[in-house]
Amino acid sequence: MNLQAMSLSPALSTMRCSNPEEFSEMLPDVDRRIVPLVADFSFFQAELQLGQVRLAIIKRPPCVSMAYFARSQVGIALAMNDVQGLKLNGIPLDRPALVNPGIAVPHQIFQPGELTVAVIMIPADDCHRGWPERNQVARVDEIRAAAFDQLRRMIADIVHLASRSSDRLSASNLVADLQQSLLGTIDHAFLTAPGEVSSAVAVRKYVRICRLVDEFVHGAAEMPSSADIAAAAGVTIRTVHNAMIAVNGISLQKFMLLNRLWAVRAALLRAGPQDLIKTIALDHGFWHLGRFSRTYRAFFGEAPSNTARHAAYC
């Protein structure tokens, strides 16, 4: 991740400093104290607002730190690079994991090397996803390596877009898509944590939830967010995920992706010569165009341009 490029983008609020006390006050709603382990150091922080979600990228020198979230915020943190010897409350963070900061007892981090951290925050009153739970002390949820890498890539892609194509973030639909993509990837990551296995007792309830999801998605004028789907089903997003996996064998994230892919294909088949593939992709929530093309080709066996070209000759 190129942190230098962030300072060039008006879409990102960036700060640099070499004063630990000043750095401690740079992130609202988070109380923290930093003790650098080296004399030559500097801190960098960038923030991006995506709807109700606030994404912060923090680059820290080797240090010891203590921090906790204000009660008005919930969120998670994850390391964007690997640091040997990294510990939280004395526990080694040497495996893919998401950290849920406590709201009462500060967590303590020993960081012997330079670390870049991503922090995703949501107002407590607006968070109904089933995560993160409100804990007095910090909690660490181990997740699968593939889900961890996917989340890292998602965050890096969003930062790259904000730093290089900030004008596109003026579109409210794109911001909503970015928020949904980020939160959906986190939802999926939590589902890979040990113990997220559905119970047979819940199958009947899960079948009903899946039916409601299918009806809601196909009846919506626009592709709904996972939060909208969960609200329509009257459950948390985590419960929707568990139901989809137990009944249909795919996650809500995959279900939404398939629906968007088929919606894009239908739009391409209806498109006229004046319609741009880029615009159609963005209208259906595919903001990362390179990944969209690869995903479309892998699923349908042809490029989006080929689909549009075939439609033109029909």
Odd one out for Gln274 among (1) of a type outside the set (Asp, Glu); (2) part of a helix (DSSP H, G or I); (3) out of contact with any helix residue (DSSP H, G or I) (no Cβ under 7 Å at 6 or more places or on another chain): (2)
Residues that are surrounded by fewer than 15 Cβ atoms within 10 Å (Cβ to Cβ) and either within 21 Å of the chain's Cα centre (by Cα) or under 15 Å from Ala118 (Cα atoms) (or both), drawn from region 72-90: Ser72, Asn81, Asp82
Selected residue (criterion: modelled with the highest pLDDT) from residues of region 91-108 that are surrounded by fewer than 17 Cβ atoms within 10 Å (Cβ to Cβ) and outside any loop (DSSP other than H, G, I, E, B): Pro92
Matching residues in region 135-170 - criterion: being over 16 Å from Ile76 (Cα atoms), surrounded by fewer than 18 Cβ atoms within 10 Å (Cβ to Cβ) and touching a Leu at 6+ places or on another chain (Cβ under 8 Å): Ser166, Arg168
Residue satisfying condition, being touching a residue at least 12 places away in the same chain (Cβ under 8 Å), touching a strand residue (DSSP E or B) at 6+ places or on another chain (Cβ under 6 Å) and of a type in the set (Asp, Glu), within set Glu47, Glu114: Glu47
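Yes or no: Val137 in contact with a His (Cβ under 8 Å, 6 or more places away or on another chain) and at pLDDT below 80? Walk me through how you get there before you give the answer.
Numbers: in contact with a His (Cβ under 8 Å, 6 or more places away or on another chain): yes; at pLDDT below 80: yes.
Answer is yes for this residue.
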Test: Ile245 is closer than 21 Å to Leu182 by Cα, touching a Phe, Trp or Tyr at 6+ places or on another chain (Cβ under 7 Å) and β-branched (Val, Ile, Thr): no
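The values are calculated or read from the model by the stated rules, or taken from the named source; none is laboratory data. Treat the numbers as computed from the prediction; the structure is a model and nothing was measured. Reconstructed Cβ throughout: ideal geometry from the backbone, glycine too, with neighbour counts over all protein chains shown.
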